[in-house]
Amino acid sequence: MKAKSVHKKSKNRLLSPLLCICLLIPFATLAFSGVVEPGLGDVDGNGYIEAADARIALRCATGLDTLTPEQLERADVDRVGGVTAADARTILRVATKLQKIEDSLPLDSLTQLTPDTYNGVEGTSSYCLVTSDYAECIAVSNARPVEDPCNPLYTPLPKGTYDYVVGGPYDDLDGDQFYELRSGRMIDTDDVQFVENGYNMPSNTVKAVRCVSGIRTLVTLSSEWRVPINVTLAPQAYYTGYQDRTFNVSEQTATYIDFEFFYTSSGEGTIPINQSGIVSRAEWISAGTSTILRFHLKQAGVFYGYVMNYDEKGYLCIEFKEKPQSLQNTVIMLDAGHGGSGDPGTAAKGIAEKTVNLQLVKKIQALLVAEGATVILTRDSDVLLTIAERRQLSYKYSPDLFLSIHCDGSTSTSSNGTRSFYYKCFSRDYADALHDSLYSMYTNELGRTITNRPSAFYVFAVTRTEACPAVLLETGFLTNTAGTVNDFNTLTSESGQNSVAAAVVRGIKNYYGF
């Protein structure tokens, strides 16, 4: 459960000025977005922000045109000094009603309270400062050693969060240690810095700063100090299923998502959400010593994840995922399970699972890329990558989907079939789509009779992310070697791997309805 450093692998995409000009041309006839006061973005000075203003700014940015001092003043919307292609893109977004000028302006850095200095509240307490990215929390356990089954109702704390420590450190069965926090959870001591006799903190206030919705929905909030936050989708019913785990989902029923700010007396400011495909409105709700920011979903159970963190200026940023418009607009992270000399996975007939997983991932990657998707691999060679590192990659890259590819194993050579696992309730439909596609491939395309193993809740670390729907997929039993027609032959042959990869891609497309 500890968060560790990750290896990054990315591609930078830069739009050339010529491409930017081409992108602007289709918007030439779009109507204005409104009267401009005091004229920021209205480059031609006619009182409105139009696509024509964006074209003028872009021509200036690329040296194709010169502007008067007054025009330069209006065109430099981000106030960084000089007109750039970024200014032109912002003006275009305003002209097409995707953004407001004030949403493009830089924010001042926040000065936030910490327990290191006196803040007007008498007394001291023990605190912890979260030092890891997306530090996982567990329910309070009174057992000693601590029992720490992961629970999807307890969300990770962003780096920089402070909370009161009321107990610990307590050992768990794996040798890790946990602090008990006043907000009603426990956290690994490796993910925090302990602060003894820190100054008590005042009741917090959270304020809405801005909201940008459209291609994405990004809400920016200010907070007097970085209080712990818990996030839940509700109302959601669960049942006890696979391996007696509680959080299996029969149907996604949530109609809202709550962000609970502990030690917070009030939330202020309106959050105008007018173009999100996921969220319809937001409201502040008082909950005793906490304040809840509730986002109502447009459609019950339809949710694609979020990312929550503090930016470099101290603002809390919450970004909601939108449904991609097509596979060409989709970013998918593929994780080949296991790897390296220390983690081969299961094996059969001298073939290690890690090898098959990587072969399958590369075939899936090729099919997705051919359809226009952007694919990120957690590993593209036989290297060791911890499960914590794999989980962190889902936050670093924030893809639309995360999929970890595995092969199952058993002491019985006759055990067969595929199964998909999810952790967050909103990942259940994604897990079902993958399972149904692979099961259909085995039974219909290959004509086999296999065990139907429905998707299930489980606590695999790689699926414990809020950033996107995430699934760990057991593509079949590598150890199913009994008979002449078996999972082993499918998973290790060229034709079989092609069938599995095609079924995975169909499952992804079925999930989105593409």
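The values are calculated or read from the model by the stated rules, or taken from the named source; none is laboratory data. Not measured: the values here are computed from a predicted model. As a convention, Cβ positions derive from the backbone with ideal geometry for all residues, glycine included, and neighbour counts pool all protein chains shown. When the accessible area is computed, the model is the full protein with side chains, heavy atoms only, and any ligands, DNA or RNA have been set aside. Shrake-Rupley method; radii C 1.70, N 1.55, O 1.52, S 1.80 Å.
What the table below lists for this structure:
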| quantity | calculated |
| --- | --- |
| All positions within segment 436-469 that are under 20 Å from ASN248 (Cα atoms), acidic (Asp, Glu) and part of a helix (DSSP H, G or I) | ASP436 |
| Filter result for the condition that a residue is open to solvent by less than 30 Å² (accessible area, probe 1.4 Å) and in contact with a helix residue (DSSP H, G or I) (Cβ under 8 Å, 6 or more places away or on another chain), over PRO152, PRO158, PRO169 | PRO152 |
| Residue tally, condition open to solvent by less than 30 Å² (accessible area, probe 1.4 Å) and among the acidic types (Asp, Glu), over segment 431-461 | 0 |
| Count of residues meeting criterion [assigned to a loop (DSSP other than H, G, I, E, B), open to solvent by less than 20 Å² (accessible area, probe 1.4 Å) and under 14 Å from ALA347 (Cα atoms)] in segment 475-489 | 3 |
| Cβ-Cβ under 7 Å pairs, at least 6 apart or on other chains, segment 362-388 side in contact (Cβ under 8 Å) with a residue 60 or more places away in the chain, far side open to solvent by 70 Å² or more (accessible area, probe 1.4 Å) | LYS363/ASN498; THR386/LYS4; ALA388/LYS4 |
| Residue within segment 318-332 that is of a type outside the set (S, T, N, Q), modelled with pLDDT of 95 or more and more than 30 Å from CYS211 (Cβ to Cβ) present | no |
| Tabulated pairs, segment 87-100, first modelled with pLDDT under 75, second part of a helix (DSSP H, G or I) and of a type in the set (A, V, I, L, M), C-beta under 8 angstrom, 6+ apart or interchain | THR96/ALA51; LYS100/VAL94 |
| Boolean, LYS424 is at pLDDT below 95 and open to solvent by 10 Å² or more (accessible area, probe 1.4 Å) | no |
| Selection count where residues are touching a Leu at 6+ places or on another chain (Cβ under 9 Å) and under 25 Å from ASP400 (Cα atoms), scope segment 211-235 | 12 |
| Filter result (among the acidic types (Asp, Glu) and touching a helix residue (DSSP H, G or I) at 6+ places or on another chain (Cβ under 8 Å)) within segment 307-341 | ASP335 |
| Residue within segment 450-457 that is without any contact (Cβ under 8 Å) to a residue 40 or more places away in the chain and among the hydrophobic types (A, V, I, L, M, F, W, C) present | yes |
| Matching residues, segment 79-91, being charged (D, E, K, R) and open to solvent by 30 Å² or more (accessible area, probe 1.4 Å) | ARG79, ARG89 |
| Selected residue (criterion: nearest to LYS321 (Cα to Cα)) from residues of segment 504-514 that are crowded, with 19+ Cβ neighbours inside 10 Å and touching an Asp or Glu at 6+ places or on another chain (Cβ under 8 Å) | TYR511 |
| Every residue from segment 269-320 that is closer than 26 Å to LYS396 by Cβ, surrounded by 18 or more Cβ atoms within 10 Å (Cβ to Cβ) and of a type in the set (A, V, I, L, M) | ILE278, VAL279, LEU293, VAL307, MET308, LEU316, ILE318 |
| Failed criterion for GLY175 (all others in (1) outside any loop (DSSP other than H, G, I, E, B); (2) exposed (fewer than 15 other Cβ atoms within 10 Å of the Cβ); (3) modelled with pLDDT under 95 hold) | (1) |
| Scope segment 383-420; condition open to solvent by less than 10 Å² (accessible area, probe 1.4 Å), farther than 21 Å from TYR134 by Cα and assigned to a strand (DSSP E or B); matching residues | ILE405, CYS407, SER420 |
| Filter result for the condition that a residue is without any contact (Cβ under 8 Å) to a residue 12 or more places away in the chain and of a type in the set (D, E, K, R), over ASP258, ASP244 | ASP244 |
| Test: residue in segment 217-240 that is surrounded by 18 or more Cβ atoms within 10 Å (Cβ to Cβ), out of contact with any Lys or Arg (no Cβ under 6 Å at 6 or more places or on another chain), in a loop (DSSP other than H, G, I, E, B) and at pLDDT below 95 | no |
| Count - residues of segment 192-216 that are more than 26 Å from the chain's Cα centre (by Cα), within 21 Å of LYS159 (Cβ to Cβ) and surrounded by fewer than 17 Cβ atoms within 10 Å (Cβ to Cβ) | 2 |
| Count - residues of segment 321-365 that are more than 24 Å from CYS468 (Cβ to Cβ), touching a Ser or Thr at 6+ places or on another chain (Cβ under 8 Å) and of a type in the set (S, T, N, Q) | 1 |
| Hey, ALA467 within 20 Å of THR232 (Cβ to Cβ), in contact (Cβ under 8 Å) with a residue 40 or more places away in the chain, open to solvent by less than 10 Å² (accessible area, probe 1.4 Å) and among the small types (Gly, Ala, Ser) or not | yes |
| Selection count, segment 330-373, where residues are surrounded by fewer than 22 Cβ atoms within 10 Å (Cβ to Cβ), within 16 Å of THR479 (Cα to Cα) and of a type in the set (Lys, Arg) | 1 |
| Residues of segment 470-513 that turn out to be hydrophobic (A, V, I, L, M, F, W, C) and out of contact with any Ser or Thr (no Cβ under 6 Å at 6 or more places or on another chain), as a count | 7 |
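Rundown of residues vs (1) of a type outside the set (Val, Ile, Thr); (2) in contact with a Cys (Cβ under 6 Å, 6 or more places away or on another chain); (3) within 29 Å of SER427 (Cα to Cα), yes/no style:
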{"site": "THR117", "(1), (2), (3)": "no, no, no"}
{"site": "ILE138", "(1), (2), (3)": "no, no, yes"}
{"site": "ARG144", "(1), (2), (3)": "yes, no, no"}
{"site": "PRO149", "(1), (2), (3)": "yes, no, yes"}
{"site": "PRO158", "(1), (2), (3)": "yes, no, yes"}
{"site": "GLN177", "(1), (2), (3)": "yes, no, no"}
{"site": "SER183", "(1), (2), (3)": "yes, no, yes"}
{"site": "ASP191", "(1), (2), (3)": "yes, no, yes"}
{"site": "SER203", "(1), (2), (3)": "yes, no, no"}
